[in-house]
Amino acid sequence: MSWTQADLDAINQAMATGAMEVRFADGRLVKYRSLAEMRSIRDEIAAAIGAVPESPRTTYASFSRF
């Protein structure tokens, strides 16, 4: 299968909204069993097209006492 940036965008969008189904650029509708399975496919797509997969963003706050 030849993956595209549109496919990566579609799976990222689905993951962001909590959807378990993704319609890819070629018209296929895929229903995933788990978020872990979606992450695995997302990483495979990203590697195939040479993109860096989105990762969770962590914000660190520092506190100091005066």
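Observations on the model:
- Rg and Dmax over the alpha-carbon atoms of region 1-46 stand at 9.4, 25 Å.
- Order of exposure, largest accessible area first, which applies to L8, L29 with probe 1.4 Å: L29, L8
- Label-to-label distance, nm, for residues given as M20 and F63 (7 Å Cα→Cβ offset): 3.8 nm
The values are calculated or read from the model by the stated rules, or taken from the named source; none is laboratory data. Bear in mind that the values here come from a model prediction, so they are computed numbers and not experimental data. We place every Cβ from the backbone using ideal geometry, glycine too, and count neighbours over all the protein chains shown. What goes into the accessible areas is simple: the full protein's heavy atoms, side chains included, and nothing from ligands, DNA or RNA. Shrake-Rupley method; radii C 1.70, N 1.55, O 1.52, S 1.80 Å.
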